[in-house]
Every structure is written in structure tokens, then in C-alpha cells.
Amino acid sequence: RAKAAGRNRACTFDARIETEALEKHRLVQALQLAVAREEFHLAYQPKVNGRTGEVTGAEALLRWTPGGQAVPPATFIPLIEDLGLMPQLGTWVLRAACRQARQWQAAGRDLRVAVNVSAVQLRDPGFVQTVRDALRGADLPAALLELEVTESVLMREVTQVRAVLCELQDLGVCTSIDDFGTGYSSLSYLHSLSLNVLKIDRTFVNGAMNDPRSDALLRSIVSLARALNLDLTAEGVETEAERQHLLEIGCEAMQGHLFAAPLTPEGLARYLDLN
Ligand code: C2E
Ligand code: MG
Ligand code: MG
Ligand code: MG
């Protein structure tokens, strides 16, 4: 009886693995098609001055909704990277975001668009040229483009990163360190990089309200940014209490559901009161 039960368990386990493998296979096939057909779109989350409410820019966030069902970027981006399609999709994101920012500019709003850049893109020797082409193609001033690189990527790609960030700086593009506080960057290394903005990971923003130690970390990140002469943006601001607290400790630039979720271009236009 025990043996039979064991066999049964093994059976259902195998079946589950098989189903998962099949699902992943379907997902991969659908993704390959989607990349070829450029069936993605971008959502834009406003970046605001938390004191005045003024919108200063927006972060472009990749969206894939096959059959109307959204698949989270955390699920499909790693698959895209495994498939080797990230340089291609990343270039599409860059171009689309630059064109969107050019439209905002044409409508009289100089909003800076922020684009997330993955490790594979940074590693590509043609990356800076791709950025230059996207700016020229959209007729967008470099100062209206911000590139966000996560702290963990900055830490892994040490040799390429320094040179690429330097070239982007020369181009006039704004560079940010994303999800700061979740990696293990050394201060001297950070100091040696051409960066403009430090984005505080939302775990510190959310944690600070309930936990004195998180708050101490949040405050030390704020003073670190000051010491390194970096601008600050707090991500994932969800409550009025968090907004107040951030203002008190000297961080004005914010992003989060308290202000707006990632929006469609039309939604953003409405948010800006353009229409
Ligand atoms: P990220 O760059 O740190 O983007 C912020 C994430 O936090 C977004 O998730 C956003 O929807 C979410 N968020 C914004 N405000 C709040 C809030 O108040 N509360 C909470 N709980 N979450 C908030 P999303 O869109 O699922 O993107 C996840 C990650 O996927 C991004 O994190 C980024 O690392 C990556 N990603 C998204 N688009 C791209 C892209 O075009 N290229 C690359 N390489 N990565 C991307
Ligand atoms: Mg980001
Ligand atoms: Mg982030
Ligand atoms: Mg984050």
C-alpha cells in the first residue's frame, strides 16, 4: 500500500513537471512570435515631485498581454533573455519610449522618459550606438532620456559598465541605479561610476514606516546619495505617510501607486491634463 502510494505520488509529480514543461514551451513559442511581430506595449508610470505633485518624467514598463491576459515582466523577461532576444526587444523598447517622449515634448511637456536596461544590453558593444540611433530616430534631446540599470547588474558587469556609463554621460543621457539597496555595491566602485540618480528600492520605502532599522537604512541611503552627489528617487510610494516621511528626510522625487500606477499613453495624457 505504501509502495503504491509512493508510485502514485511519483506519477502526479511527473505529470506536474510535464505540464509545467509544456506550459513553458508554449510560453516560449508565443514569446518568439511576439518578439518577431512586436506585440508588446509600454506602460508609463509618472515620476513626480512629491512636494508639489509636478510630473517630471515617466518610467516605461514593458507589457505583454497575449490573448488579453497580462504576463508579468518578471515572468517573461527572463525567458526573453534565455532566448537571446533581449537585445532586439530592448532596442524596440528604447525606440518606442523615445518616440513617446518626443510626442510629449511636441505637446509642450518636457518629460524625461526612463527606460530599463538589462545586463545583455549593457554587454552589447553596439549599445551606445543603439541609444544614439534611438534618440536621432525620434529627434529627442538626450537629456530627455534616462536609462535605469539595476544595482545587481552594475555589480556583475563591472568592466563594461564603467565605460558604457561614461559614454552615455558624454551623450547627455541621464543614468540611474535602479532597486538600490538590494545589491552589494561597494562605495568606492559606485563613486567611480558616471551616474546621476539613485532609485531607492521600495522595500526600504515601505519598511521604514513600521521598522526603525529599515528607517535607519533609508536615511543612510539618503545621506549616501548626498555624499555621492546623486539625485534621489523613491520607488513604490504607496501611502501618504510614506510621502510625508520621504519629504522629511529629504527625498522629493517619487514614484508609486500613491500618485499613479503604470498608465497607458492615453492614461498618462489624462493624468497630465493634456487632453
Ligand atoms: P522596476 O524597474 O524596479 O520597476 C518598478 C516596478 O514596480 C514595476 O513593476 C511597477 O509596476 C512596480 N510599481 C510601481 N509603483 C509601485 C507601488 O507603489 N507598489 C508596488 N508594489 N509596485 C509598484 P513591473 O512593471 O512588474 O516591472 C517589474 C520589473 O521588470 C521592473 O522593475 C524592471 O526591472 C523589469 N522591466 C520592466 N520593463 C522592462 C524593460 O523594458 N526592460 C527591462 N530590461 N526590464 C524591464
Ligand atoms: Mg526601473
Ligand atoms: Mg526599480
Ligand atoms: Mg524595484
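The values are calculated or read from the model by the stated rules, or taken from the named source; none is laboratory data. Just so it is clear, the structure is predicted and the values come from calculations on it, not from any experiment. Note that we place each Cβ from the backbone using ideal geometry, even for glycine, and neighbour counts take in every protein chain shown. Just the protein is used for accessible areas: all its heavy atoms, side chains included, with ligands, DNA and RNA removed. Shrake-Rupley method; radii C 1.70, N 1.55, O 1.52, S 1.80 Å.
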What are the GluC sites (Glu not before Pro) within the stretch 151-216 that DSSP puts in a loop, where the Cβ has at most 15 other Cβ atoms within 10 Å?
none
Using protein chains only and a probe of 1.4 angstrom, how many square angstrom of D82 are accessible, to the nearest 10?
120 Å²
Can you list the chymotrypsin sites (Phe, Trp or Tyr not before Pro) in the stretch 132-217 that are in a DSSP coil and have 10 or fewer other beta carbons within 10 angstrom?
Y184
Take the chain, connect every pair of alpha-carbon atoms lying under 10 Å apart with a spring to form a Gaussian network, then pick out the residue of A253, A163, A106 with the largest mean-square fluctuation.
A106
Three principal axis extents, largest first, for the C-alpha atoms of the chain, in Å?
68, 48, 44
To the nearest 0.05, how large is the calculated FRET efficiency for S188 and R63 if R₀ is 45 Å and r is the Cβ-Cβ distance?
0.75
Rounded to whole Å², per residue accessible area for the stretch 18-66 with a 1.4 Å probe reads 54 Å²
How far is it, in nm, from the label point at R37 to the one at T239 when both lie 7 Å from their Cα along the line to the Cβ?
4.4 nm
Using the crude model of +1 on Lys and Arg Cβ and -1 on Asp and Glu Cβ, and no other charge, please compute the dipole size for the chain relative to its Cα centre, in debye to 20.
740 debye
At q = 0.12, 0.15 Å⁻¹, what is the base-10 log of I(q)/I(0) for the stretch 128-275 according to the Debye formula with one equal point scatterer per Cα and no solvent? Please give it to two decimals.
-0.57, -0.86
Out of P87, P212, P262, any idea which swings most in a Gaussian network model of the chain, alpha carbons joined below 10 Å?
P212
For the stretch 178-275, what % of the accessible area comes from carbon and sulfur atoms, probe 1.4 Å?
50 percent
Within the stretch 112-128, name every residue whose backbone N is under 19 Å away from a label modeled 7 Å from Cα of R136 along the Cβ vector.
125-128
When the dipole is taken about the Cα centre of the stretch 111-189, and only Lys, Arg (+1) and Asp, Glu (-1) are charged at their Cβ, what size is it in debye, to the nearest 20?
120 debye
Which one of A74, V222, P46 is farthest out on the positive end of the charge dipole of the chain, using unit charges on Cβ (Lys, Arg +1; Asp, Glu -1) and the Cα centre as origin?
A74
Heavy-atom accessible area of L147, protein chains in place, probe 1.4 angstrom, given in Å² to nearest 10, is 0 Å²
Computed for the stretch 149-199: size of charge dipole around the Cα centre, +1 on C-beta of each Lys and Arg, -1 on C-beta of each Asp and Glu, debye to nearest 20, value 100 debye
Scoring only Lys, Arg, Asp and Glu (+1, +1, -1, -1) among other residues with Cβ under 11 Å from the Cβ of V205 yields -2
Relative contact order of the chain (C-alpha contacts under 8 Å, at least 6 apart) in percent is 17 percent
Options F127, V93, A106, ranked by Cα towards positive dipole end of the stretch 80-128, top entry (Cβ charges)
A106
What's the FRET efficiency of D273 with T203 using the Cβ-Cβ distance as r and R₀ = 35 Å, to the nearest 0.05?
0.60
